[in-house]
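What follows is calculated from the coordinates using simple rules that are stated; it is not laboratory data. Here the structure is a predicted model, which is why all the values come from computation and not from measurement. Note that we place each Cβ from the backbone using ideal geometry, even for glycine, and neighbour counts take in every protein chain shown.
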Amino acid sequence: MSIKAEIKIKGLLDKKWEDWFEGLNISYEDGNTVLLGDLNDQAKLHGILNLIRDLNLILISVEIK
Amino acid sequence: MLLTKLHIPQTGEKIIHRINLFEKLDEGLKRKLILVSATAGYGKTTLISDWINKNKIQTTWFSIDERDNDPNEFLSFIIHGIQKAHPAIGKNSLELLKSPGTVSLDYILELFINDLLQIEHHLLLVLDDFHLIQNKQIINLVSFLIDYKPDHFHIILSTRSDPPLPFARLRSQNELIEIRSSDLNFSRNDIHELFNKKLRLDLNDKDIDLLESKTEGWIAGLQLTALTFQGQNDISAYIEQIAGDNRYIMDYLMEEVLNIQSEEMRDFLLCTSILEKISGSLCDSMLGKDNSQLLLESLEKGNMFIIPLDNERKWFRYHHLFADLLKQRLLIRYKHKIPELHAKASKWFENNGFSLFAIEHALSACNKRKALNLISQIIDRLWETSQHATILKFGSLFSDEELFANTNFCIIYTWALTVFGNLPKAEGYLVKLLEHTKDENLLGKIYETFNLLKVFSGDVDDAFKYSELATKYISDEDLIWSAWAHISHGESHLLRFELDECLQSLNKAQNNASKANNIYLKAVSESKTAYVLRLQGKYKESYRKSKDLLEIFNADTSIDGFKIGILSSILYSIVGCFLVEKNEIKDGLETSFKGYDLSKKATSMSFKGYSALILAETLYKSGDYDKALEIVKELDVFLNKNAAQWLNVLANSLRIKLYALKGNRDKLDNIIKNQFESGNKHHFEYYFYNVAKSRYLIVHKKYDEALSCLQEQVKGLENCHAYEILCEVELLKAKAYYNKKKQNEAIESITNALLITQNEDFIRTYINEGEEIEIILKEIKKLKATKTSKRLDLISNNYINNLLSIFDKEKKIRNITSEEFLSARELDTLKLIAENLSNQEIANQLYISITTVKTHVRNILLKLGAKNRNEAAVKAKEKGFL
């Protein structure tokens, strides 16, 4: 039961971070970064959110599609 | 490794002292909790350690990592930390934590809090990186500590996100001080202080403004910026272009920092970023270098986000955020090299005795075979110390094929699965393991684990079968497994009511437990032995054994008193029960209650359940049926289906006995309807339930049915020497015969009982059955005086006389006051009523209010069933109260 997540963070994060974020696709929108992709489950999503917190990136929104 | 986790991080020289935050922290000493919550790089750790330096408060520092999610380990670390300054604090708690599974964590924590009360000055506990704690039990434990800690014990939680603790309540009670990112952010002033006063960089106001807006006062960003200034000619121009394109500032700065390092240093930083803890020797062996220590020290001097973990500068770690940034770059530049780096780290950790780290790096190196190999080396120790959570974690990392290739590990993983209640999965593994295993000792362990599983699922026959196989196959050399197997086998025999065989098994278990010096297994096997001896009517031997063992336990100063208290709980219960049986009621009840109270501190259901059951039996023996029923009801709460089945059987049959003795037919009918019928004639429950059923039949005056049911039990009980129940059967037969007016047969039955029990101090068993037994005993006494017969001559006169005199005393006691009937104050009032005093006069004389007197009078009338004061006085005199 994988989930499709779209996570928006403030500022521009280099594409090289895709591997770090479990292969989520990095794109940009209005000067912000969008991480988009499939995650196994909610636990994985929380793991991603923790990675964002640990880098002191600023979370704008999380959307499950 | 332990010490590095407990090291208070030192602050560098060039730091800004945050005076306004110090004031907040000072204020926090008056509250229950200080929470420092902000994401990475806000200087949480620096602030706290700088404040500790200034405040000089004695501190226990605990740097948490992901491995600390085991509540036992967590509490152990805290206690170890406090013991560095106060060796005596938490000694008992620590001792208890080493034998997990026997004592509840709440109790250990209470004990620890009690110890903290002895410390006379202020003591601070810092839990750093608390966001890494996921375990709910630990959260509860910390919550409890916050609520019940002594006032001079202070707690700081430092975390990247707020943990699920009751902050709202603490806030509303004004018991919380919070320091958050908005407090920690550097202001323009702080930035000025850092760059111009500490680092002497001479920045102008515009530079400072720019830095503030680019980093938003975030300290890690500012510090990394300072590192990149090296080699810049025009700092103002440089500042202007930092992350100008709105990109992630750390990316930008990290790139700059790495660019100004030598190539050697750059590679060193990237490659060592995979290490959670870094030492020179470890890096040397991992990278084939010989100067790692120097590199580490120069990194520290250069403020390169590296933190020493001890005073000797042996162990370091990178700031977590810095390490993440390095690791990401390592991933991009040297992805292919990463497994090899982990493999080398694993090797070093293995050679230096850090098994858990070695395992983790082997797994990261994708070398599962190596990891399995390492796990296999420590798995027995993990099992012996009941670290089931760790075992489960390891097990879940491997595929079935990998597990089956490693039989011993797989068996122990299955054991942990069973303990955690995942029976279907465990059973699947066991079936497969059986197919593939040839080694006899391993086969034995599989059978033993199968037994555990069957005990959990309540399958008596299979449990027996597997325990028998386990004892056959497990080598006697394997002392602990073998002791477990013999205990299991003994328990299986007990469920089949094969008492002699049960004793033999328990005896073997005791021998092995003694040889292995395993106090827990020893206590379990000995206390079970005492119980089985009791079933065989060997009251004196059972009593003596329990008492001896208690003395040994109490005299052994090498074992901690508290641990012994729990292990010996059952022994106290047994001793108390015998004392009451011997009619030493007061001492017996006291001892039995002591056992019961001690057992409450145990987590093991069989300790709690067994002690409670024996207390209920002791209360029954003392004649207090109501309290006995209360305790049986209490048993229901914690005896769920998974708990030992025999305890359920005993609890139910005792309940039936008590309702029958109280003559409570409704309750009795209800239970009988819901219980039984058990088919298998070998089993424990068969006997207990049939004896209980016979009682029920006697209450319903179905004497013939009762007698045939009772008679059916005799042979089997004789065969397994179960004389305690046999005695009960004979007494019930006597009751039935007596009521059928068959005096001779009644006498015959009681004679049987007397011959069984006269050398074993059975007393209350007779007294509680009531006056029918007394009447027949009197008849036997008469017969003995007038006739001679072989059987009658064998009965001791003293024994009969003793029983009869106790029957006699009992009647007097029942007639006389009995404190539970009238309270002391009611009795005082009653005496004055008999003297014809008015309510007012009584009030004056007893120094109580007239309302109270009226209450007493009303109670007295009610209890004596009297219509008025005069009648009360008359009835009281009749009953001998006055």
Just checking the output field for B:264-275: average partner chain Cβ neighbours within 10 Å of each residue's Cβ?
0
For chain B, calculate the relative contact order in percent as a whole number, restricting contacts to Cα pairs under 8 Å that are 6 or more residues apart.
7
Find, to one decimal place in angstroms, the Kirkwood hydrodynamic radius of the range B:297-361, where the mean of 1/r is taken over every pair of different Cα atoms and then inverted.
13.4
For the protein assembly as shown, what does -39500 (n - 2.57) per DSSP helix run (n ≥ 4), summed and divided by total residues, give at 222 nm, in deg cm²/dmol to the nearest 500?
-20000 deg cm²/dmol
Charge tally for neighbours of residue B:22 with beta carbon under 10 Å away, counting Lys, Arg as +1 and Asp, Glu as -1, is -1
Looking only at the protein assembly as shown, where both bridge partners belong to it, what percent of the DSSP beta bridges are antiparallel (to the nearest 5)?
50
Just the ratio, please: alpha-carbon radius of gyration of the range B:150-305 over 2.2 N^0.38 Å, N its number of residues.
1.33
Overall form of the range A:3-64 per C-alpha gyration tensor (a/c, 1.5; a/b vs b/c):
rounded
Share, in percent, of DSSP beta bridges within chain B that are antiparallel, nearest 5:
20
Take the alpha carbon atoms of chain B, find their radius of gyration, then divide it by 2.2 N^0.38 Å using N residues; give the quotient.
1.27
Summing +1 for each Lys or Arg and -1 for each Asp or Glu, what net charge is found among the other residues whose Cβ lies under 12 Å from the Cβ of residue B:781?
+2
Residue order, fewest to most surrounding Cβ atoms within 10 angstrom, among B:445, B:811, B:673
B:673, B:811, B:445
Could you tell me what fraction of 2.2 N^0.38 Å the Cα radius of gyration of the protein assembly as shown comes to, as a two-decimal ratio?
1.25
Mean separation of Cα contacts under 8 Å (at least 6 apart) over the residue count of the range B:263-366, i.e. the relative contact order in percent, is 26
Kirkwood Rh (inverse of mean 1/r, distinct Cα pairs), the range B:462-587, angstrom:
15.0
For the range B:824-878, what is the charge dipole size about the Cα centre, in debye to the nearest 20, if Lys and Arg each add +1 at the Cβ and Asp and Glu each add -1 at the Cβ?
200
Take every Cα pair under 8 Å in chain A that's 6+ residues apart, average their separations, divide by the length, and report that relative contact order as a whole percent.
48
Can you tell me the Rg and Dmax of the range B:824-878, counting just the alpha carbons, in angstroms?
10.0, 29
Could you line up B:590, B:401 from fewest to most neighbouring Cβ atoms inside 10 Å?
B:401, B:590
In Å, the Kirkwood hydrodynamic radius of the range B:2-184 over pairs of distinct alpha carbons?
16.7
Per-residue Cβ counts within 10 Å, from other chains only, averaged over A:50-62: what number is that?
4
For chain B, size of Cβ-based charge dipole, Lys and Arg +1, Asp and Glu -1, in debye:
3260
List the residues whose amide H sits under 5 Å from the amide H of residue B:36, counting only those 5 or more places along or on another chain, with H placed 1.01 Å from N in the peptide plane.
B:157, B:158, B:159, B:179
Around residue B:174, under 13 Å between beta carbons, what's the net of Lys plus Arg minus Asp minus Glu among the other residues?
+2
Please arrange B:286, B:304 by how many other C-beta atoms lie within 10 Å of their C-beta, fewest to most.
B:304, B:286
With +1 on each Lys and Arg Cβ and -1 on each Asp and Glu Cβ, how big is the dipole of the protein assembly as shown about its Cα centre, in debye rounded to the nearest 20?
3680
How large is the direction-averaged shadow of the alpha-carbon convex hull of the range B:188-259, in nm²?
4.3
Using +1 at the Cβ of each Lys and Arg and -1 at the Cβ of each Asp and Glu in the protein assembly as shown, identify which of B:829, B:723, B:776 lies farthest towards the dipole's positive end.
B:776
List every residue whose amide H lies under 5 Å from the amide H of residue B:125, counting only residues 5 or more places away in sequence or on a different chain, with H placed 1.01 Å from N in the peptide plane.
B:60, B:154, B:155, B:156
Diffing the range B:407-422: the Karplus 3J(HN,Hα) column from phi (6.51, -1.76, 1.60, θ = phi - 60°), in whole Hz with x for Gly and Pro, holds 3, 4, 4, 4, 4, 5, 4, 5, 4, 5, 4, 5, 4, 7, x, 8
Over the range B:6-51 - Rg/Rh using Cα atoms and the Kirkwood inverse-distance radius
0.96
